[in-house]
Amino acid sequence: MNHFFRPATLLRSTLLGTAILGASLQAGAADLTVSITNLTRGVYFTPVLAGAHNPANALFSAGEAASANLQAMAEGGDIAGLSADLSAAGAVVVENPAGGMLQPGMSTSFSLNTDANAANTHLSLVAMMLPTNDGFVALNNMAIPATPGTYTYDLNAYDAGTEANDEIRGGGAPGTPGFPAPGPIDTSAGNNGTGVASNAEGYVHIHRNVLGDTDASGGVSDIDSVVHRWLNPVARVVITVN
């Protein structure tokens with residue numbers, strides 16, 4: 001079953017953002033406006049999950065195996081499990097601020113207020129990248145700046161390491177090979193690829209990018225290398241601390 005359109009939650013984290021502006025650490029409650037922009041040429045982000053949370057509740061750790069809920073988000077865009085994890089830990093959670101997929105070149109924004117729980121000093125944000133097997137964009141467990149102002153972070157693509165990057169159309173549920181191809185991806189992706197990688201890496205890491213090819217009816221990959229390849233960073237987050 002393809003869980004691609006389900007809203008959701010975030011759970012283990014590592015910083016994906018590279019800070020462009022300096023930031024001091026948050027010591028109390030914060031009122032934030034957060035904007036995320038898709039910087040890619042032809043990659044779509046599934047519904048975004050964001051949360052202000054205690055730093056002990058990271059969504060993932062690079063170099064370690066992904067949780068089952070991170071896998072569900074990275075392979076099928078299902079944020080429900082991660083969202084429930086964050087909510088259970090007292091986080092302030094925002095689901096799907098774009099009202100669906102965040103298209104290439106487009107932005108979405110939302111507000112977060114941590115007044116209800118001063119322990120929620122860190123911010124995380126995740127979304128699956130399409131078309132990929134288990135690639136996702138993330139801001140992971142970043143300390144929220146304490147000083148009012150505007151802060152900009154560039155985000156890398158991550159690979160959950162839970163599914164082989166075969167780059168073949170299909171899949172969308174954890175453990176099902178292939179990448180989901182809804183809507184615009186269905187019309188731009190190819191068919192009948194023979195497959196690229198055959199083994200999952202087993203741990204979260206920086207994504208190596210997709211290989212792709214230019215053969216829409218065969219070749220090694222169903223991903224169009226002209227449309228869907230990217231270079232890091234793949235997204236930009238702007239945080240305004242009021």
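Remarks
- Enumeration of residues in segment 230-242 that are under 30 Å from A146 (Cβ atoms), surrounded by 17 or more Cβ atoms within 10 Å (Cβ to Cβ) and of a type outside the set (V, I, T): N232, P233, A235, R236
- Among (1) at positive phi; (2) loosely packed, with under 15 Cβ neighbours inside 10 Å; (3) not small (G, A, S), the one test that E167 misses: (2)
- Qualifying residue in segment 196-218 (condition: within 17 Å of N69 (Cα to Cα), among the small types (G, A, S) and in contact with a helix residue (DSSP H, G or I) (Cβ under 7 Å, 6 or more places away or on another chain)): no
- Meets criteria (small (G, A, S) and closer than 24 Å to I206 by Cα) for A56: yes
- Candidate set: segment 91-119, residues that are at pLDDT below 95 and not hydrophobic (A, V, I, L, M, F, W, C); chosen: the one surrounded by the most Cβ atoms within 10 Å (Cβ to Cβ): T114
- Residue match in segment 180-187 (condition: touching a strand residue (DSSP E or B) at 6+ places or on another chain (Cβ under 7 Å), among the β-branched types (V, I, T), more than 22 Å from L125 (Cα to Cα) and in contact (Cβ under 8 Å) with a residue 40 or more places away in the chain): yes
- Residue in segment 198-215 that is among the acidic types (D, E) and assigned to a loop (DSSP other than H, G, I, E, B) present: yes
- Pairs meeting the criteria (first residue in segment 75-86 and closer than 25 Å to D166 by Cα, second residue surrounded by fewer than 24 Cβ atoms within 10 Å (Cβ to Cβ) and of a type in the set (F, W, Y), beta carbons under 9 Å, at least 6 apart or on different chains) are G76/F4; G77/F4; G77/F5; D78/F4; D78/F5.
- Which listed residue, of T162, T176, T194, T147, is part of a loop (DSSP other than H, G, I, E, B), buried (at least 17 other Cβ atoms within 10 Å of the Cβ) and in contact (Cβ under 8 Å) with a residue 24 or more places away in the chain: T162
- Residues of segment 48-102 classified as touching a His at 6+ places or on another chain (Cβ under 7 Å) and under 30 Å from G183 (Cα atoms), total: 5
- Looking across segment 151-171, the residues that are out of contact with any strand residue (DSSP E or B) (no Cβ under 8 Å at 6 or more places or on another chain) and not aliphatic (A, V, I, L, M) come down to T162, E163, D166.
- The number of residues in segment 215-229 being out of contact with any strand residue (DSSP E or B) (no Cβ under 7 Å at 6 or more places or on another chain) and either buried (at least 16 other Cβ atoms within 10 Å of the Cβ) or aromatic (F, W, Y) (or both) comes to 6.
- Residues satisfying the stated conditions in segment 91-134, i.e. part of a loop (DSSP other than H, G, I, E, B), over 24 Å from H205 (Cβ atoms) and of a type in the set (S, T, N, Q): N96, Q103, T114, N117, N120, T121
- Note on segment 41-63: residues that are surrounded by 22 or more Cβ atoms within 10 Å (Cβ to Cβ) and either within 20 Å of D154 (Cβ to Cβ) or under 16 Å from the mean Cα position of the chain (by Cα) (or both) total 12.
- In the set (1) within 21 Å of the chain's Cα centre (by Cα); (2) surrounded by 17 or more Cβ atoms within 10 Å (Cβ to Cβ), I206 fails one condition alone, (2).
The values are calculated or read from the model by the stated rules, or taken from the named source; none is laboratory data. Note that this is a predicted model, so its numbers are computed, not measured. Every residue, glycine as well, gets a Cβ built from its backbone with ideal geometry; the counts of neighbours run over all protein chains shown.
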